[in-house]
Every structure is written in structure tokens, then in C-alpha cells.
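Here's the structure we're looking at; comments come further down.
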Amino acid sequence: MNPLSQETCTPCRRGAVGLTPAEITALLPQLPRWEHIEIEGIPQLQRRFPFKTYLQGLKFVHQVAHLAEENHHHPVLVLEWANVTVRWWTHTLGGLHRNDFILAARCDDLYREFLRPHFI
């Protein structure tokens with residue numbers, strides 16, 4: 001379990017600022033399978049999760065959707081045959097917040113749990 005996944009997400013208050021490039025660089029090693037990308041100038045975290053079947057990917061999307069609802073923070077979820085791509089960023093900041101790293105780490109935990117034999 002990643003220590004980031006044990007942290008609590010904090011609501012972004014008015015005037016909150018996104019992480020600096022140096023802060024992002026410092027946090028990225030804790031999420032080795034995640035990419036730091038930019039889309040239309042907005043920094044984001046992205047990871048592709050492979051599955052054996054479409055239905056397994058769909059079940060994972062459902063779990064991530066519940067995680068998102070619980071934390072009032074919603075990623076982009078792309079379900080394709082045998083793959084789910086997840087992108088986190090904080091829309092209100094137009095960039096990355098520590099919450100994005102926390103939820104990415106929780107996605108990794110969900111995926112590890114999902115791959116245990118009782119899920120497959």
C-alpha cells in the first residue's frame with residue numbers, strides 16, 4: 001500500500017494553488033506507473049490499467065467511480081477492450097493538487113486488490 005493512499009483528501013478552497021513543478025517532480029516517484037502529461041496546457045496524471053477482459057475493466061471503472069464520488073473528485077475514465085485509462089487533475093485549479101496524487105495512489109491499491117485471484 002502506498003503511503004500517499006493513506007492520506008486524506010482536502011477540499012480545495014478559494015485561492016488554492018496547484019502544485020509547483022518541483023512539488024510534482026518530488027511526488028512522482030511515489031507513483032512509478034503514472035505519467036505526468038499536459039493536455040491543452042493542463043498538467044495531469046495518467047495511467048493505463050490492463051485487464052484480461054472488457055468486463056474486468058468495467059468492474060474496475062465502477063470501483064474508481066465510487067472512489068471519486070466518496071472524495072468529490074472525478075477523473076476522466078476511458079474504458080476500452082482490456083484497458084482502462086485514468087486521468088486525474090483538479091479542474092478548479094487547472095492543474096495538479098496533492099489530492100490527485102492521493103487518489104492515483106488509491107487507484108493503484110484498488111488495482112492490486114482487483115488482481116487478487118478472488119476478483120478474476
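The values are calculated or read from the model by the stated rules, or taken from the named source; none is laboratory data. All values derive from a computational prediction rather than experimental measurement. Accessible surface areas use protein heavy atoms only, side chains included; no ligands, DNA or RNA. Shrake-Rupley method; radii C 1.70, N 1.55, O 1.52, S 1.80 Å.
Using only DSSP helix segments of four residues or longer, with each worth -39500 (n - 2.57), what per-residue ellipticity at 222 nm results for the chain after dividing by its residue count and rounding to 500? Estimated from H runs of four or more residues: -11500 deg cm²/dmol. Of the solvent-accessible surface of the chain, computed with a 1.4 Å probe over protein heavy atoms with every protein chain present, carbon and sulfur atoms account for 56 percent. Helix 98-114 and the long axis of the chain differ in direction by around 10°, with both axes built from C-alpha atoms.
Accessible surface area normalised per residue over the chain is 59 Å², counting heavy atoms of protein chains with a 1.4 Å rolling probe. Each Cα pair under 8 Å and six or more residues apart adds its separation to the average, and for the chain the resulting relative contact order is 34 percent.
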